[in-house]
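The values are calculated or read from the model by the stated rules, or taken from the named source; none is laboratory data. For clarity, every value in this text was computed on a predicted model and none was experimentally measured. In this analysis, Cβ positions are derived from the backbone assuming ideal geometry, glycine residues included, and neighbour counts consider all displayed protein chains. Only protein heavy atoms, including side chains, enter the accessible area calculation; ligands, DNA and RNA are left aside. Shrake-Rupley method; radii C 1.70, N 1.55, O 1.52, S 1.80 Å.
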Amino acid sequence: MSNTAVMENQKPVRRASGRVPWLDWMVMPTLAVLALVVGYPVVYTLMLSVQDYNLLDIVPGGYVGAGNYSSLFSDPVFWTALYNTAVYTFGSVFVSALLGLIFALLLDNLAGPQFRAVRALLLVPWAVPFVVVAFLFRYMYMQNGGIVNEMLLWSGLIDHPVPWLNNAALAMPAVMVANIWAMAPFFFLLLSAALSGIPNEVIESARVDRARTWSMIWHIKLPFLRNPLIVSSLLMIIANFNDFAKIWAMTQGGPGFSTTTLVVYVYRLAFENFEFGYASATGVIWLLLLLVFAVAYVRALRMN
Amino acid sequence: MTSIHSCRRVSALFATSALAMAAVVTAATAQEKITLTFANWASAEAATRPGIEKVIADFEAANPNIEIESEAISFSEIARQLVLRVRSGNPPDVSQLAGNDTFLLAATGKLEPLDEYVARLDVELTGLEDLRLDSKLIALPWNHAPAGLWYNKAIMEEAGLDPENPPKTIDELMEAMAAVKESQPDVIPLGLDTTNRAFSMSSNWPWMRTFGAQPVGEGATGAESPEMKAYLQWMRDLAQKGYIDPGRKIGEFRPLAAQDKVAFHWDQVLLQGVIQSTNGMSDEEFYEHWGVAAMPTGPGGESHSFEGGHQLVMFADSEKKEAAWKFMQYLATSPDAIANYTVSYNSSLPPLQEAPEALSEELDTPIFNAFRERIIPTVAPQPYGPDFAAASTAVMAGVQQAVTGTEPIDDIAASVQSQLDRQ
């Protein structure tokens, strides 16, 4: 029997009869819910983004076409926010992934209760709610009485307390440290699981070939970790792009605009100035940028 | 047997009728009972919750046909939530508001003008003029809470300063702060809110005005005026000399003030209540320890202050306006509410031209007298309105840049102005 004949024989009977399978109809409620929960806000945001719509105005906003977008592109705060978003997102994800990888490799193959305890301890920051992380670090960074300054003063590394969150140059790195502290355990967890999934035969044959530790990491383990690392990084890039709680609780986007990211800027525009039209235009740009990473994420998943 | 049965039947009939009558009466009473929704942050804050709950309970006892449904919303969230509720057609009947938030809500056109209601009052109110928009009264003053320069007499004495002679000019203030910094390095010389929010702009507005600066509003001279640059430079000096602790909200200085960690503090009249509830000081101890004065004068030679008091607004969509007004009137003007909440829990001044005799003793304190006589006359109106929040973001971002960065003041002023121009 030829291949074509086999395929023809395998065609579903229902489809051949021209009717839509009942299982296909089962997805309709899900699609309807998605259209309502995701589709409607997106479409409404697109519509608002071409209007001069302020929630405080008694008269409803009018159509301004691309007016909000052209204002946005000449808005220096928007560009600052975009730059800060990139620094915060990629910086945090890169360092967290690196730390997670280092800890995962260091603790790989180490058995015993003491190492189990270390693993558990390393995962604790991931369990702390983001807002708690933000307030924890905010108080640790305080100029007067913050533990970070107290320890640095005590050790003689600094003469005067450092205004970690109140210095335009230091605020972003300080917020990122808090973010990295909270996020690195995620990478550690994921990469540890991926390491334990490397087939024993591969490790054994490398040992038989007398591969050294570094060679084993570089040629055996890292290639196995490549895909989990890409997928988890993309996931975290998307999550950090949307990270509002930590930044707002720690600095509210300041001092000046030094930690204002896109999500903080959208919040200020929409819920402090009530400029829903302009905020929606910013939101659309933000959505488009997120879509790029979302598509990359889906592709990475398919590749896997 | 028959007579026993018929007797039981009659009794049952009576009992049923009585129950039915009771049900009808209850239903009628329930129908007559008016439920008012009251959005406020007084019941969201632990310090004021018992006070407002007592006042509401007293009002309900005196007005059995009115029930108050208190909706606790935090101070920082209330404007956002109310604007969204107004737009979705679901506002409360009455709300507590303050500062620019009152004017934000008024901009929606959904606040009931109160001129006719106030005209019916048999007491004279203060502070009405600052609550007018397009000549309509948009809110009822609930209390007055202007800001003054609080000074810690113990810290001043330890710094070799005269505790009964607080600084009267900016230069004297700088000298006093230098003395404090030198003698007590752990003490924050000046508690000043430099966060980026509309309240912070309100709080800093009098300092800008004392330098003659007016970045926005009617008669504005912009952010690049020499006066505004002088103010920004002064703020930078304060930070560089370690006289202020940037980034703290006003409320975060209050516990420190209660622990003698703040020498001078720019705060509202309610600070007394917060300090006493934190450290348990008696009134006498407090007056020995703390004093309050008008803002030191700057190059313009004038003191300024801001009104941080709370207002009550009625929403135009309310279907129970008479009951709502009765409740608002009770909160703002009744001696019981003033004694049990305004003065005791909120440590603020009532909005009455003449205080009720029953309260004259409670209101005759060194702090209240200083506010009434020397500080309230310096309260300057602010450019409140729909654009104030956006202007605040731009101006306070500039203040933060001046305080925390090294960028030239000219560049910061130009950046603030360019943002103001975009609005």
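Label-to-label distance for B:K241 and B:E319 is 6.2 nm, based on points extended 7 Å past Cα in the beta-carbon direction. Across all directions, the shadow cast by the convex hull of chain B built on its C-alpha atoms averages 26.2 square nanometres.
Once the Cα atoms are used to define both axes, helix B:198-210 deviates from the longest principal axis of chain B by about 40 degrees. Note on A:A120 and A:V87: with the Förster distance fixed at 51 Å, the Cβ-Cβ geometry gives a FRET efficiency of about 0.95. For chain B, the longest principal axis of the Cα atoms and the long axis of helix B:2-32 meet at an angle of about 30 degrees. Summed over all non-identical Cα pairs, the Kirkwood treatment of region B:265-423 gives a radius of 19.2 Å. Which of the listed residues, B:S43, A:L288, A:G277, is farthest toward the dipole's positive end in the protein assembly as shown, when Lys, Arg count +1 and Asp, Glu count -1 at the beta-carbon? Positive-end residue among those listed: A:L288. Surface listing: A:R299, B:R197, B:R374 arranged by accessible area from highest to lowest gives A:R299, B:R374, B:R197, probe 1.4 Å.
Other protein chain C-beta atoms within 10 Å of residue C-beta, averaged over B:235-245: 1. Taking Cα centre as origin and charging only the Cβ of basic (Lys, Arg, +1) and acidic (Asp, Glu, -1) residues, the dipole magnitude of region B:324-404 rounds to 340 debye.
Averaged over its residues, the protein assembly as shown has an accessible area of 48 Å² per residue, based on protein heavy atoms and a 1.4 Å probe. Can you find, among B:S70, B:L84, B:I56, the residue farthest towards the positive end of the dipole of region B:56-103? Put +1 on the C-beta of Lys and Arg, -1 on that of Asp and Glu. It is B:L84, whose Cα lies furthest towards the positive end. Annotation: lysines with alpha-carbon distance below 28 angstrom to B:K249 (same-chain offsets under eight excluded): A:K246, B:K153, B:K168, B:K181, B:K229, B:K241, B:K261.
What shape does the protein assembly as shown take by its C-alpha gyration tensor, where a ≥ b ≥ c are the square roots of the eigenvalues and a/c under 1.5 counts as rounded, a/b above b/c as prolate, and the rest as oblate? Oblate, since a/c reaches 1.5 and b/c is not below a/b.
Ordering A:M303, A:M250, A:Y265 by the projection of their Cα atoms onto the charge dipole of region A:196-304, which places +1 on the Cβ of Lys and Arg and -1 on the Cβ of Asp and Glu, puts A:M303 at the extreme positive end. I need the shape label for chain A. Rule: rounded when a/c is under 1.5, else prolate if a/b > b/c, else oblate, with a, b, c from the alpha carbon gyration tensor. Taking the square roots of the gyration eigenvalues as a ≥ b ≥ c, chain A is oblate. Rounded to the nearest 10 degrees, the angle from helix B:388-404 to the longest Cα principal axis of chain B is 40 degrees.
Charge dipole (Cα centre; +1 on Lys/Arg Cβ, -1 on Asp/Glu Cβ; no other charges) of the protein assembly as shown amounts to roughly 4700 debye. Let a ≥ b ≥ c be the square roots of the eigenvalues of the Cα gyration tensor of region A:222-300; is it rounded (a/c under 1.5), or, if not, prolate (a/b larger than b/c) or oblate? Oblate, since a/c reaches 1.5 and b/c is not below a/b. Between B:T297 and B:T169, B:I170, the built amide H atoms are under 5 Å apart, and every one of these is 5 or more places off in sequence or on another chain. In this simple spin-label model, placing a label point 7 Å from the Cα along the Cα-to-Cβ direction at both A:N144 and A:M28 gives a separation of 6.7 nm. For a straight C-alpha distance cut-off of 27 angstrom, the lysines reachable from B:K321 (same-chain residues fewer than eight places away being disregarded) are B:K33, B:K54, B:K110, B:K136.
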